[in-house]
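Notes follow the structure.
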């Protein structure tokens, strides 16, 4: 039997007090099994999605708790790159890799808010209140300022006094429906974030 | 603690027994190609996201480094150096974090059984449950990596995502890295990969490009490809020939058995002295002498 | 033979070796040192790690160890001040040390007379003094919770080594010290109760006895 | 992007100029690093700052902000004067040989036809010479001094390396190294790809920056080939899609135009749109304009659009003035706007001149913000000291903040920069009471419709007639909207080849491709270029087959790329006129004797035999070739010319009479607040950092950790001159406002010597505001000038004048 240096040092100590300790009943000294942190996504639900930031449009996989059963609210707990996505192949930039903190941001709006003239801040209100009020304001402005024809009699049929800025992180479907609604109202002050 | 063992242990801090070592695991490594790194901090994001870490929001101190240093909740940080080489500006950006040494100074220094383990695949992991917060790992580490949390007095550092690796995935940072500057695989294939990268760099005029896999700590399981491998210290002070400090080596090495022997010898010496010579007791003659002395003086 | 202790005690003339304040101070140091040794050994070598259980676990032992050290340092400071003068090394001490073999082999007659503290005790004092100083200072450097970031890493590593070396030295010295107390009958009583007999002083600290007796004039 | 993200890996030289791909398009930049490591590619970065992209470049050259046209013009001059062009390609696939009309000219910085009063050109002289049949004349020998090629040479003869150094501050030898490396791709064996973004567009002459690279890429023969092309790296995840859907004042989905007030009938509108070919054999694909437009009107108005009512043409609003964002805020500022709706947009942060924006928003009657986050725009009325100096008591604007879902809480499609439309799935419900944008828009529309039905009002016709026949009108699904976008047959469509055969589509069936669209109202399609994305085979955008059979980065079964699932635009140009690939390594499609085939969907008539017909590869142009000379397409002229930014520290080195873009729109009041270099001696440029996305990720804790606080970057020399140390607080001021920030002193920004005079640069990242997880910070738009590009009205964010001073140590 050969004893290398390290074992010798170990034994040097063990010999003196090792057995004593056990005898004193302080339990096993050598709980050799060390466990890694359990894999936290083992039972989450995966949903394919697209990063909403830049136009590389990386594929992401969103992990939610629960299995979709009715009484379990799916909570988004992790976002990671989609390894199958041809462009990002699972990678994400520091923004994409931190998407969870956008989704769960403390500064997310969770209920409709209203600020009346002169007030210093918002007050929470109901959807019905805001939608009714906005529709009323829009109709009043449209009825007051809609132009059917120009001064020289050319057809205009437009409403120039209410502007609309479309988002660029909304879906194409939202874009199309927005286009339809906005143009049907005659809005021409329409732009989006494309150039800014 | 459950006895389930998802990665085999090769080495365990403050333990005198040899862990089960019959099974052979594939040795893994993370290779960081500094020449491909753009310092985007995706690795930092991915690390925070995966490990549920949220360091405090700091300030800008006139540099890009944020968080400015490693911390209990910042297991990896990018370090930026503006370096001029032959009139040409180079922005040397290094991802700092645990190197997962083959001969880990932290593990050597750790006094708490099982607070630091080295898995058979090369990952060095801190088991916070067993950590007593003494900070010896900080002293033992040649790369200044471990950090002790003020909140819970436990040591933290990169785990190389041992939880991911254990189920066959790559570490979160390696997966996220947009430019492929971080790659993960077996140590052998990472060394091969590095050779290819070094050739490419040499073809682009970096004659001294090379692999950083310091042998002073037995090699590492996090390696770098450097454009200036001859001067690793350019990269925010990456140590040139890191090794476990001789002081720590002595403290945690020879001193232990020597002291034990010394203490044991002292005890034994006492014991044998006592049984051979017996107690040194005062005799009536001594008392008499004392009385005499007193009496003489009194007289 | 009338060597029964009770009998002798009746006729024995006693002297106060350590007054109550000295004894209390000493035992405070002893308690601290023992606790420090127990917890410190737990951090020093894995086979002793179980000792942390005495303190409520590793975290608790780690937390309390430096505080005990502080208490020890303070109490030892008082003791140091108290005994400093009697521990000044003299020519006679060197002479005494050359007869240490005679001491061990119970041949007091061949050993030069000792004062209140003999040379070996003085050595214990010095080792203890320097151990406490260096352990205290190196302990501060190692005190992660408060000074984890205060010192350069090289100094921290040095402190680790120094702390361990000095602790080992101190423990060995303590073993010798304790054994000497057991071996030299009557010493324990001196430190627990205070009095020693004239004979005890005659045997171990004759010069001191002479001074004492002279002093009673 | 003409090519796609994955295609970048095929490049031999990558030019990143006018962008910072590593920081702003990090995961796309992966394919640059792939090109480098896998293809031995060289990366050139030209930028005023040594960026993270530059950090991994092979060659970095600095230039003064706003001098890109001079730099690129210099490259064109180099290529032409050293004959480093791909001549066969240039002759066959560009308008080099086309002869330009007499009367076209350029003098003293202006092209022919300038009207100083209108600040505009009469562009009629900017055209070819035509024969009697209306076909353009050309001289294939290139000897005619009035052919495009010779005019190009003359125009760029002024752009010498010396002039580049004088204008851009780029050292001559460095500039020539860039030219040499770019010129290595002039042979057809190697390709150059160009990646740009807002660094080229956010200038008062941004569009002309891009025209320059178009000329370079045509001269080098790099259009239509793998690893080539001009790749605009778009901004937001779906800015490409929203652009495709024409959410602009003057656009209709699919890059069709909104009718203007002069176009009173459908016929009149179409007259100027459907271009006839001006060379023999050309496809001039927009001849199909009527089909696309009528199908769009059918999607808008459904059954109510009939041939009799011009398919509802009158219901579409007519645009008299282009009401882009800058003009909207100008009108707001003048008190001429009453309402304003922001759908996921934060203009208070992203439109220039914050002071003006607050004043404008304060004059509104109502402001509606739909957003998942508390945006600064919604909170514009709050006082945040110097960061947002508003007085709520004096602001009467009624503000509504409507909570919307985020990407993870909805399904639908985004279109990436490479035109790939990708469906995404919903992972969870929106938090609290948040609703989808679709639901909000539908609710709003239906409420308005109900109000008009009940109360009547001005011209309710379009509201009443718009097609809203969704299964649940209050909640249209993304799935049914995407089908509507793709288009369907409204009647049985006969086979055009043989009417006796069964119809190619039965009524109600989804279109396979836009080629099936009709101009008679028998098809509907919201956006013709998207036609094919949702067919009877299913939702093509939801396909997730990652395979790349050719290994060239073409993943034909992953999502759906418009148009026609084509991944490389103009890919016909990858083959020579006879139909054989210029270079076997760079093969995309070839003529196989009976049809065009290859690794991508041909961007060409698949059956056009090149041995029989000389149809050009640029089928969207009526001349069938790429344009070195753009005719009247651009407002500044058919060739790009260097003009200084509206705020510049130097006089235009090319011509003293015309300092800046002669046709850019400047509103009254904005002109007065342009700063002079005497007061504001340093050039500022704004930009993004990799750690943040616009004003969005500052709400995310992790990103706040990575880049917590506003800073500005200056070079070491300027720092020394001004006594500023890294980490100090500084104040940066322009003639429109001032900001306070930490200073980062760096070697990565250096003074550029222009015309013998050092020009110092102050870099200002844009990501901070007064709401979110980061430290509060000023916005770059508190400084920026209110002027936009003459063609697109993209604000000049990249070059303006500031001053800087130290105000103290770190607070």
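Values in this text are rule-based calculations from the coordinates and carry no lab data. Only a predicted model underlies this, so the values are computations on that prediction, with no experimental measurement involved. Note that we place each Cβ from the backbone using ideal geometry, even for glycine, and neighbour counts take in every protein chain shown.
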Largest-first semi-axes in Å of the equivalent ellipsoid built from the Cα gyration tensor of the range A:82-140 are 39, 16, 10
Using alpha carbon positions and the Kirkwood radius, the Rg to Rh ratio of the range C:130-217 is 1.26
In chain D the DSSP beta bridges are antiparallel at a rate, in percent to nearest 5, of 55 percent
Calculated from DSSP helices alone, with each H run of at least 4 adding -39500 (n - 2.57) and the total divided by the residues of chain D, [θ]222 nm to the nearest 500 comes to -6500 deg cm²/dmol
Note: the range D:131-285, point scatterers on Cα, Debye, no solvent; log10 I/I(0) at q = 0.08 Å⁻¹ equals -0.38
Here the range C:5-215 gives, from Cα atoms, an Rg and Dmax in Å of 19.6, 64
So the angle from the long Cα axis of helix B:255-277 to the longest Cα principal axis of chain B, reported in degrees to the nearest 10, equals 10 degrees
The alpha-carbon center of the range D:452-501 and that of the range D:120-171 are separated, in whole Å, by 47 Å
Cα pairs beyond 37 Å in chain D, in percent, come to 45 percent
Per its Cα gyration tensor (rounded if a/c is under 1.5, else prolate when a/b beats b/c, else oblate), the range D:658-721 is best filed as oblate
For the range D:1-130, inverting the pair-averaged 1/r of distinct alpha-carbon atoms gives a Kirkwood value in Å of 17.9 Å
One quarter of the C-alpha convex hull surface, i.e. the mean projected area of the range D:89-209 in nm², amounts to 10.4 nm²
Between the Cα axis of helix B:42-51 and the main Cα principal axis of chain B, the angle (0 to 90°, nearest 10) is 50 degrees
Across all Cα atoms of the range D:682-808, Rg and the largest Cα-Cα distance (Dmax), in Å, are 14.7, 46
By the C-alpha gyration tensor axes a ≥ b ≥ c (rounded if a/c is under 1.5, else prolate when a/b exceeds b/c, else oblate), the shape of the range D:8-84 is oblate
Under the helix-only model (-39500 (n - 2.57) for each DSSP H run of 4 or more, divided by the residues of chain B), the mean residue ellipticity at 222 nm, to 500 deg cm²/dmol, is -9000 deg cm²/dmol
Longest principal axis of chain B (C-alpha) makes with the long axis of helix B:284-298 (C-alpha) an angle, in degrees to the nearest 10, of 80 degrees
Classified through the alpha carbon gyration tensor (a ≥ b ≥ c as square roots of its eigenvalues; rounded if a/c is under 1.5, else prolate when a/b is larger than b/c, else oblate), the range B:199-299 comes out prolate
In vacuo Debye sum over C-alpha of the range A:116-196, base-10 log of normalised intensity I(q)/I(0) at q = 0.11, 0.19 Å⁻¹, listed in q order, is -0.41, -1.03
Rounded to whole Å, √(5λ) for the Cα gyration tensor eigenvalues of the range D:512-646, largest first, gives 28, 23, 18
Projected onto their principal axes, the Cα atoms of the range B:255-298 stretch, largest extent first, over whole-Å spans of 56, 21, 6
The rounded separation in angstrom of the Cα centers of the range C:56-79 and the range D:507-525 is 87 Å
Asserting the computed 222 nm helical MRE of chain C (DSSP H runs at least 4 long, -39500 (n - 2.57) per run, divided by residue count, to nearest 500) equals -22500 deg cm²/dmol
Projected onto their principal axes, the Cα atoms of chain B stretch, largest extent first, over whole-Å spans of 102, 48, 39
Taking N as the residue count of the protein assembly as shown, its alpha carbon Rg divided by 2.2 N^0.38 Å gives 1.16
Packing-ranked peptide list from B:94-100, D:134-140, D:563-569, D:424-430, highest mean Cβ count within 10 angstrom first, is B:94-100, D:563-569, D:424-430, D:134-140
extent check for the range A:45-103: Cα max minus min per principal axis, descending, whole Å, gives 36, 22, 14
With Rg from the Cα atoms and Rh as the Kirkwood inverse mean 1/r over Cα pairs, the range B:1-106 has an Rg/Rh of 1.07
Largest first and rounded to whole Å, the semi-axes √(5λ) derived from the alpha carbon gyration tensor of the range D:6-232 read 31, 21, 16
Expressed in angstrom and rounded, the centroid-to-centroid distance over alpha carbons for the range D:3-48 and the range A:142-167 is 45 Å
Within the set C:188, C:103, C:47, GNM on chain C using Cα springs under 10 Å gives the largest fluctuation to C:47
Expressed in nanometres to one decimal, the distance between label points 7 Å along Cα→Cβ at residue B:129 and residue D:679 is 6.9 nm
